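To keep things clear, I will list the structure first and then write my remarks on it.
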């Protein structure tokens with residue numbers, strides 16, 4: 001496999017301003033019954049319709065192309081950070097970023113400017129992704145690819161001291177968190193914000209105290225906060241208990257994609273879905289189990305987004 005050349009070196013970037021903390025944060029949940037086949041492969045055309053509707057509703061409603069053109073620039077190097085830790089059973093399904101990429105291209109983003117990525121090539125391949133490290137077309141590769149790796153120097157911020165993937169720190173100019181929604185034995189919930197634990201060399205260091213304040217503090221580092229544009233969460237099949245590993249008896253085919261410009265509100269909405277599924281099965285709340293996702297309140301205090309129900313407008317639609 002050829003060596004990947006770094007496309008951009010970015011030292012400064014505009015502060016993330018995609019949502020206004022003074023206003024209610026909008027979260028869109030688009031559901032589609034029967035989107036997963038018997039072997040749990042999502043229908044690509046249905047996914048594209050779900051993405052179009054989600055973007056249109058975020059726009060107020062409005063045309064999804066206008067929304068994407070306002071969100072991203074044609075010369076952006078767009079990193080779609082997925083999560084493939086769960087293998088074939090519980091990872092961001094390849095069809096999901098494929099559908100997203102098709103709409104980005106339709107809105108004017110060159111395919112060569114789109115990078116679907118995660119920690120390792122092995123995890124990507126195990127989850128069903130076909131690697132592409134060429135300079136033509138949509139790129140798919142991991143941090144451990146030749147010529148990449150983690151930065152030599154530490155990024156130090158509050159309680160965070162980590163080496164970032166050079167994909168996130170040097171190649172990507174605009175970042176999309178496209179994570180799968182899962183219960184987490186320590187954090188309570190892992191979704192769009194904690195997805196960026198896969199962008200650093202030492203995520204295991206930040207799992208004490210329900211991963212608090214570490215999820216919020218990592219998200220507020222410059223390589224993430226200045227580049228993050230939108231959270232899109234894969235809740236087609238989600239784990240509502242005993243996560244983050246896959247356990248079939250506690251996995252639910254929820255059939256949804258979750259969209260928000262507010263990363264905290266997106267994770268809050270994911271938490272509520274997990275609690276609903278847990279309640280339906282007679283399971284205790286995450287707070288009762290001592291693992292409420294308290295990092296969300298920390299993130300709110302840090303003005304990264306809203307984590308209070310009164311400040312979040314959740315719009316649900318079935319197509």
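The values are calculated or read from the model by the stated rules, or taken from the named source; none is laboratory data. What you are looking at is a predicted structure, and each value in this text was computed from that prediction instead of being measured. We place every Cβ from the backbone using ideal geometry, glycine too, and count neighbours over all the protein chains shown.
At-a-glance table
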quantity	calculated
Total residues in the range 299-319, condition touching a residue at least 60 places away in the same chain (Cβ under 8 Å), outside any strand (DSSP E or B) and surrounded by 20 or more Cβ atoms within 10 Å (Cβ to Cβ)	4
Flag for residue 194 being touching a helix residue (DSSP H, G or I) at 6+ places or on another chain (Cβ under 9 Å) and either within 30 Å of residue 152 (Cβ to Cβ) or modelled with pLDDT under 95 (or both)	yes
Qualifying position, being in contact with a strand residue (DSSP E or B) (Cβ under 7 Å, 6 or more places away or on another chain), closer than 16 Å to residue 54 by Cα and at pLDDT 95 or above, among 256, 252	256
Subset of the range 200-220 [within 30 Å of residue 64 (Cα to Cα) and surrounded by fewer than 24 Cβ atoms within 10 Å (Cβ to Cβ)]	220
The listed residue being touching a helix residue (DSSP H, G or I) at 6+ places or on another chain (Cβ under 9 Å) and modelled with pLDDT under 50, out of 6, 44	6
Conditions (1) in a helix (DSSP H, G or I); (2) in contact (Cβ under 8 Å) with a residue 24 or more places away in the chain; (3) surrounded by fewer than 21 Cβ atoms within 10 Å (Cβ to Cβ); number of the one not met by residue 276	(2)
Qualifying residue in the range 280-288 (condition: within 27 Å of residue 218 (Cβ to Cβ) and part of a helix (DSSP H, G or I))	no
So residue 59, is it at pLDDT below 95 and surrounded by 14 or more Cβ atoms within 10 Å (Cβ to Cβ)	yes
Flag if residue 192 is within 13 Å of the chain's Cα centre (by Cα) and assigned to a loop (DSSP other than H, G, I, E, B)	yes
In the range 120-160, the residues that are within 27 Å of residue 41 (Cα to Cα), in contact with a strand residue (DSSP E or B) (Cβ under 6 Å, 6 or more places away or on another chain) and part of a loop (DSSP other than H, G, I, E, B)	120, 129, 131, 133, 138, 143
Residue count, the range 163-183 (criterion: under 15 Å from the mean Cα position of the chain (by Cα) and part of a strand (DSSP E or B))	8
Selection count where residues are surrounded by fewer than 19 Cβ atoms within 10 Å (Cβ to Cβ), closer than 18 Å to residue 224 by Cα and in contact with a helix residue (DSSP H, G or I) (Cβ under 8 Å, 6 or more places away or on another chain), scope the range 125-160	6
Qualifying residue in the range 61-79 (condition: under 29 Å from residue 250 (Cβ atoms), part of a loop (DSSP other than H, G, I, E, B) and touching a strand residue (DSSP E or B) at 6+ places or on another chain (Cβ under 8 Å))	no
Residues of the range 221-252 classified as surrounded by fewer than 21 Cβ atoms within 10 Å (Cβ to Cβ) and in a loop (DSSP other than H, G, I, E, B), total	7
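Quick grid of which residues meet (1) surrounded by fewer than 21 Cβ atoms within 10 Å (Cβ to Cβ); (2) under 30 Å from residue 239 (Cβ atoms); (3) touching a helix residue (DSSP H, G or I) at 6+ places or on another chain (Cβ under 6 Å):
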residue	(1), (2), (3)
107	yes, no, yes
163	yes, yes, no
180	no, yes, no
185	yes, yes, no
